[in-house]
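Presented below is the structure to which this report refers.
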Amino acid sequence: MVAATSSQPGVALDLETLLNELPKLTPHDRALITRAYEKAAWVHADQFRKSGEPYITHCLAVAHILADMKLDPEAIAAALMHDVVEDSKDQKKVTVEDLRSGFGDTIANIVDGVTKLDQIKTEQTPEQRRSRTAERDLEYIRKMALTLDSDVRVVIVKLADRLHNMRTLGYMRPEKQQAIARETLDIFAPLANRLGIWQIKSELEDLSFRYLQPETYRQIDDAVNEGRAEREKYMAGVIEELRRELVRNGLQDTAISGRPKHIYSIWKKMERKKVNFEKIFDVRAVRVIVEQREQCYMVLGLVHNLWRPIPGEFDDYIAQPKDNFYQSLHTAVVDRNGKQIEVQIRTWEMHEHAEYGIAAHWRYKEGRKKQKDPDFEKRVAYLRHLMEFGRGQKNESPAEFVDAMKSDFFGERIYVFTPKGDIVDLPAGSTPVDFAYHIHTDIGHRCRGAKVHGRIVSLDYQLKTGDQVDIITSKRGGPSLDWLNPNLGFVHTQRAREKIRYWYRKQNRANNITSGREVLDRELKRLGLVDSMPYEQVSAAFSIEHVDDFLAQVGAGDINGGQISNKILDLERKEQEALERETLKARAGGPSQLLDSTVATGVEINGEAGLHYSIANCCHPVPGDKLKGFITRGRGVTVHRADCPNLGQEPDRLTDVTWGKVSHEQRFSVPVEITAYDRSGLMKDISTMVAEERVNMSEVNVGVRNTIATFRLTLELTDLQHLGRILTRISGVPGVTEVRRTSA
C-alpha cells in the first residue's frame with residue numbers, strides 16, 4: 001500500500017485512512033474502493049506532481065474530499081480513478097470501456113465525464129491564453145451543462161479535483177497561479193455555490209483570492225487573527241448566554257457554535273458596503289441548529305427578545321429558499337455591549353443541505369435503497385433549465401456568451417416579488433424586462449412599463465432584492481429592438497435576449513428587412529453619417545455580402561443597434577488611421593517636418609501640420625469624421641466634414657484635410673437635437689446623463705409644442721466614439737423618442 005502525504009499538514013493519506021472515513025461500508029463497497037485505488041496506483045506509479053509527490057497522492061486527496069462529504073462508494077471509486085484514462089499510455093493504457101467492464105457503467109461514465117472536462121487545456125503562451133480564454137470557458141460551461149443530463153457527480157468530482165489543485169497551487173509558476181485562480185473564481189467557485197456545496201465554494205474562493213490579491217488577503221487574514229483570542233472569549237460568552245435562554249424556554253437539544261467567516265466573503269462585504277474590516281459585523285456570527293422547522297422560528301423570537309434586532313437585516317430563506325435550495329433564517333442583532341452579531345438558525349436537515357448541497361443526495365448511509373428523490377430531481381431540472389440556453393449559440397461570440405453565462409448562471413442573485421408575493425430569483429443587474437420574461441414569455445413581449453412598490457419606474461431600472469414588481473402590459477404587440485441594444489440597458493439576462501431574438505426571427509423576412517433598415521437609418525442619422533456611409537459598407541463590415549441579408553439579421557435582432565454603432569465607429573477610425581499612414585508615407589521622402597507624437601497638431605492640410613485653419617461652424621467636425629478643407633481668402637482653410645452641404649461648388653478651392661495628433665484634453669463642439677415627450681424632470685434626467693459622461697453643455701435651447709419637447713444642445717466632445725456613446729445613453733432616457741447630431 002502506498003502512503004501519501006496530504007496537502008493538509010499533519011494528515012497522512014492512504015487507503016486505510018480513506019476507508020476509515022466511511023466506517024459503515026459493506027464488504028462489497030470496501031472491495032470496490034480498494035480495486036479502484038489499486039488501478040489508479042498502477043497507472044500513476046511512475047508519475048509525479050510539481051511538488052515532487054507521487055501522483056497517487058492527488059487521487060487520494062480528491063477521494064478524501066468526497067469521503068469527508070460522505071459521498072457514495074461509486075463516486076469515491078471514480079474519484080480515485082478520475083485521471084487514469086487521460087494519463088495512461090502504452091502498456092498501461094486504460095480506456096473507458098476497460099473501466100466499464102471492470103467497474104460498471106456508473107463509475108465508467110463519471111470518469112469519462114471528468115476526462116472530457118480535463119481535455120480542455122489551458123494554453124501555454126500569454127498570447128494563446130488571451131485569445132483562447134473565452135473559448136475555453138465556453139467549452140467548460142457547455143460540457144458541464146451536458147453532465148447535468150448524465151450524472152451530477154461528474155461535476156462534484158471535478159470540483160474536488162480543482163479544490164486539491166488549488167490547495168497545492170504554490171508549486172506552479174506565478175502566471176499559471178494567476179490564470180488558474182481567475183478561472184476558479186469565475187467558474188468553479190460559483191458552480192459550487194450553484195450546487196449548494198458551501199464547503200467547497202468557500203475554500204475555492206479563499207484560495208483564489210489569496211493568489212489574485214495576495215496583499216489584501218494578507219491584510220484581512222492578519223486582522224482576523226489579530227483579535228482571535230479576544231473574539232473567541234467573547235463568542236463563548238454569547239453562546240452561553242443564548243444557550244441558557246433556549247434551555248429556559250424548553251429547547252435543550254440544540255447545537256450552538258460560532259460560524260467562521262471566510263476571508264473572501266469578508267472582502268466582498270467590505271467592497272459592497274464600502275466599509276473597513278471593523279465594520280463587518282458578521283465576523284461575529286452564531287449558528288443555531290435545531291430538530292424541527294417550527295423550532296427555527298421559536299429560536300428567532302427568543303434571539304430577538306434577548307438582543308435588539310437590526311432593521312433590514314432579517315432574511316427568511318426557509319419560507320423562501322435561495323435558488324440553490326439553501327434554507328436558513330438569518331438575522332443580525334445588537335447585544336448589551338453594543339456589538340453586532342449575525343445569527344443563523346436552521347434544522348439538521350437544512351444544515352446538511354447547506355454544507356453539501358446537491359451532493360447530499362449521494363451521502364452514504366448503510367443499507368440505503370436507491371429511489372426517486374423529487375427534491376433532487378427538481379434541483380437538477382432547475383440547473384438544467386438555467387444552463388439550457390447556452391447550447392448551440394451561434395449569434396454571439398464566445399466572449400459575449402461566457403460573460404452572459406457568468407452573469408446569468410454563476411453571478412450574484414437578487415430576490416424580488418410578484419404582486420401576489422411570490423419570490424422571483426434573478427441575476428443581479430436585472431431589469432423589469434428581465435423580470436417580465438422570467439414570469440412568462442408573452443408578458444415579456446407585451447411589457448410596456450413597470451411599477452416597483454407601486455411607483456412607475458423606467459424599463460432600464462435595475463431591480464434590488466426586496467422590490468415588488470408589477471408589469472404593465474399591452475393587449476398585443478411585440479418587444480422593441482432597442483431592448484437588444486446593450487448600451488441602453490433594457491435587458492440584462494441572456495434568457496430574455498434569446499426570447500426577444502426568437503420573436504423577431506419568427507417574423508417574415510420582408511418585415512425584418514424593413515425593421516432592420518429603420519434601425520440602421522436611425523444609427524447612421526444619430527451619428528450624422530446618413531449621406532456618407534452606404535449600406536453596403538456597413539454590411540461588408542459584418543462580413544455579410546448582401547445588404548438585404550444584413551438588414552434581415554438586424555430586423556430579427558441578431559445584430560443590434562449598439563453593435564452597428566460600434567462597427568461604424570471602428571470603420572471611421574480605421575479609415576482615419578489609413579489616411580494618416582498614407583500622409584506620413586507621402587512625406588517620408590521630403591524635409592523632416594514631423595512633430596513629436598505627444599504634440600496636438602489638430603489637423604493636417606495636404607499632409608502639412610501647423611498651417612492656419614478654423615473649424616467650420618456649420619457641420620462641427622470631430623475626430624473620426626472624414627474631412628475636407630475649403631480655402632477661404634484671407635482666412636486660411638476652413639475645415640468641414642466631407643459630407644457638409646456648405647462646401648460649395650468650387651472644386652479648385654477644396655483641399656485634402658486629415659486629423660493630426662489630437663490630445664485627449666481637446667474638446668470639439670457638436671450640436672445635438674433631442675425630441676421627447678414633455679414631462680416633469682425630463683431636463684434634469686438629460687442633464688444628469690450628460691454630466692455622468694463628463695460632457696460640458698456650452699449651449700442649451702428648449703422648446704415645447706403640443707407636449708413634444710425639443711432640446712438643442714451643444715456638447716463639448718473628444719471624438720466620434722464619444723459622440724456615439726453619449727447619443728446612445730441619451731436615447732435611453734425615459735420619454736426620449738429621437739436624438740441625433742445636427743448642423744448648427
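Worth a mention:
- The alpha carbons of the stretch 412-505 give a radius of gyration and a Dmax of 12.0, 35 Å, in that order.
- Remark: the stretch 166-278 carries a charge dipole of roughly 240 debye about the Cα centre, counting +1 on each Lys and Arg Cβ and -1 on each Asp and Glu Cβ.
- Approximate spin-label separation Glu226-Arg182, in nm, with each point projected 7 Å along Cα-to-Cβ: 3.1
- Residue separation of Arg505 and Lys89 scaled by 0.36 nm, minus their Cα-Cα distance, works out to 144.8 nm of gained length.
- Kirkwood-based shape ratio for the stretch 187-258, expressed as Rg/Rh from alpha carbons: 1.15
- Approximating the spin labels as points 7 Å out from Cα along Cα→Cβ, the Lys464-to-Ser698 distance works out to 3.9 nm.
- Label-zone membership for the stretch 529-554, site Cys618, 7 angstrom Cα→C-beta point, backbone N under 18 Å: 529-532
- In order along the stretch 178-193, phi translates into HN-Hα couplings of 4, 5, 5, 5, 5, 4, 5, 6, 7, 10, 6, 5, x, 5, 4, 5 Hz, rounded to whole numbers, per the Karplus curve 6.51 cos²θ - 1.76 cosθ + 1.60 with θ = phi - 60° and x for Gly and Pro.
- The stretch 221-361: relative contact order as a whole-number percent, Cα under 8 Å and 6+ apart: 22
- When DSSP beta bridges are restricted to pairs lying wholly in the stretch 221-361, around 70% turn out antiparallel.
- Ranked packing of 452-463, 719-730, most packed first, by mean Cβ within 10 Å: 719-730, 452-463
- Measuring r between the beta carbons of His440 and Asp105 and using R0 = 51 Å, the FRET efficiency lands at 0.80.
- Working from label points 7 Å from Cα in the Cα-to-Cβ sense, the Thr34 to Ala642 distance is 8.2 nm.
- Ranking of His492, His330, His546 by count of other Cβ atoms within 10 Å, fewest first: His546, His330, His492
- Largest-first ellipsoid semi-axes for the stretch 668-741, taking √(5λ) over the Cα gyration tensor eigenvalues, angstrom: 20, 12, 11
- With kT/(6 pi eta Rh) evaluated at 20 °C and eta = 1.002 mPa s, and Rh the Kirkwood radius from Cα pairs, the stretch 507-572 diffuses with a coefficient of 187 µm²/s according to Stokes-Einstein.
- Remark: the Glu313-Glu245 segment gains 22.3 nm on full extension, using 0.36 nm per residue and subtracting the alpha carbon distance.
- Restricting the stretch 650-744 to GluC sites (Glu not before Pro) in coil, as DSSP defines it, with at most 11 other Cβ within 10 Å: Glu665
- Ordering Gln537, Leu571, Asn512 by the projection of their Cα atoms onto the charge dipole of the stretch 507-572, which places +1 on the Cβ of Lys and Arg and -1 on the Cβ of Asp and Glu, puts Asn512 at the extreme positive end.
- Cα-based shape type of the stretch 488-538, given that a ≥ b ≥ c are square roots of the gyration tensor eigenvalues and the cut on a/c is 1.5: oblate
- Using every pair of distinct Cα positions in the stretch 221-361, the Kirkwood expression returns a hydrodynamic radius of 15.9 angstrom.
Each value in this text was obtained by applying a stated rule to the coordinates, not by laboratory testing. On a predicted model such as this, the values are computed, not experimentally measured, just so you know. When we count neighbours, we look across all protein chains shown, and the Cβ atoms used for this are built from the backbone with ideal geometry, even at glycine.
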